[in-house]
Amino acid sequence: MTPVSTGFESLVFRFNYDGTRYASRGARGKAKLKTPGYKIPLIEFEFHGFDTLAIAEAVPATNYAAYARPPVLSDAVTADLRTGASYAAAVLTGGTPYPSRGLEVDLGNTLNHLKLWGGEAIEITNRAVTGSTTVFLTAAQEVTWRDEVNANTLTSVGFSFGLTAGNRFTLFGPSVQRIDPKVIEDEGRIMLQTELAFLPLATTGNDELRLVFH
């Protein structure tokens, strides 16, 4: 069986479990970006692929020389979450900053197993980028935030992380709908948890999200 191309690049995974080598071909997947305050940023992947025959093979030596210690998303190196900001060359300007507990974004790929003789494949057939954040607001800010939610007012959402070149990233969604705000208690403070829908730009039909490493 040879997985067919469906327009999206696929991956081959090779991994060794205690002396047995496996491989998975034609793999495509989805991802969640997690940026919790005072923890390390993570991208959590889930891939679906086709299994191949196992091979007896010794566990190879592992070289960790290139391993980089991940920095923590602390206040000292992370800018506030911003709504209404503009993006240019990995820099966010303007908008309104808010103290937050961080941001979680689900790229929302839909994976399907196409079961065809001579054309079996793992396909990405759709995507709907979603997310969530928890923000600490003043009373006036909460009123404005809720009014904009009720009016389905779209806004940009983004933040930047890192101080040194090569160890920074900027996340930016240019057209975001805030959904289902909920009051929660967090460490003795009342905060507002809000779901997010990252929408395609009307001018291009895509570009829901920018994630720039710089």
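Bear in mind that the values in this text are calculations on the coordinates, not laboratory data. Predicted, not measured: the structure shown is a model, and the values here were computed from it. Don't worry about glycine lacking a Cβ; one is built from the backbone with ideal geometry, like all the others, and counts go over all protein chains shown.
Highest first, please rank the peptides 77-86, 62-71 by the mean number of other Cβ atoms sitting within 10 Å of their residues.
Numbers: 77-86: 18.0, 62-71: 7.4.
Descending packing order for the listed peptides: 77-86, 62-71.
Across ALA121, ALA90, ALA61, mean-square fluctuation computed from a Gaussian network of the chain (C-alpha pairs under 10 Å connected) peaks at ALA61. The relative contact order of the range 119-201 comes to 36 percent, based on Cα pairs under 8 Å that sit 6 or more residues apart.
Where Lys and Arg each count +1 and Asp and Glu each count -1, what net charge lies around ILE55 among other residues with Cβ under 15 Å from its Cβ?
On the way: positive: ARG14, ARG21, ARG25; negative: ASP18, ASP51, GLU57.
Spelling it out: positives minus negatives among the neighbours equals 0.
Partner lysines whose Cα lies under 29 Å from the Cα of LYS39, excluding those fewer than 8 positions away in the same chain, are identified as LYS30, LYS182. Diffusion coefficient (Stokes-Einstein, Kirkwood radius over C-alpha pairs, 10 °C, 1.306 mPa s) for the range 58-141: 89 µm²/s, rounded to a whole number. What is the P(r) of the chain, as percent of Cα-Cα pairs per 5 Å bin from 0? The calculated distribution, bin by bin, is 1, 6, 12, 15, 15, 14, 12, 9, 7, 5, 3, 1, 0.
Ranking of LEU114, LEU196, LEU154 by neighbouring Cβ atoms within 10 Å, starting from the fewest: LEU114, LEU154, LEU196. Shown here are the Rg and Dmax of the Cα trace of the range 1-106, at 20.0, 58 Å.
Give the angle, between 0 and 90 degrees and rounded to the nearest 10, that separates the Cα long axis of helix 139-150 from the longest principal axis of the Cα atoms of the chain. With rounding to tens, the tilt is 60 degrees.
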